[in-house]
Structure formats: structure tokens, C-alpha cells
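All remarks here apply to the structure that follows.
The values are calculated or read from the model by the stated rules, or taken from the named source; none is laboratory data. Because the structure is predicted, anything quoted here is derived from the model rather than measured. Here the Cβ is made from the backbone with ideal geometry for all residues, glycine too, and neighbour counts use every protein chain on show.
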Amino acid sequence: MERAHILGAGEIEVQPITETIETNYMPYAMSVIMSRAIPEIDGFKPSHRKLLYTMYKMGLLSGPR
């Protein structure tokens, strides 16, 4: 089996931390907002869905409906 060669793999690029933060913060922030803060079609945010699922698994949602 032939191994693929990736150009530049294993090289370290020296870059000031301020430049890295400036170029990467906004895409990261938007990704977090889109994945965590905006409700899905069912109206729940991912954190709410995780909480309800945990409560379900612990048997805390067994009351009358």
C-alpha cells in the first residue's frame, strides 16, 4: 500500500500569538454561537437537550404527562 505524502506535514510555523488569536477568534466564536446558542427545530438548545436526556436516564421525568 502506498503512503500519501502531505506537503508541509510535520513543519512548525512560528507565528505571534496575537496574530493567531486575531485570525482564529471570530471563526471560533461564530462556530460556538451556531452550535450551542441557536435552538434546533424542536426549540431546544444542545445544553437543554443534554439536561433533559440526563434527567430521563436518571428516571426524573417519570411523572404523569
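Key figures
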quantity: Verdict on L60 being of a type outside the set (K, R) and touching a Ser or Thr at 6+ places or on another chain (Cβ under 9 Å); calculated: yes
quantity: Which listed residue is assigned to a helix (DSSP H, G or I) and hydrophobic (A, V, I, L, M, F, W, C), from A4, A29; calculated: A29
quantity: Qualifying residue in segment 39-62 (condition: surrounded by 10 or more Cβ atoms within 10 Å (Cβ to Cβ), at pLDDT 85 or above, of a type in the set (K, R) and in a helix (DSSP H, G or I)); calculated: yes
quantity: Residues satisfying the stated conditions in segment 2-25, i.e. surrounded by 10 or more Cβ atoms within 10 Å (Cβ to Cβ) and not acidic (D, E); calculated: T20, I21, T23, N24, Y25
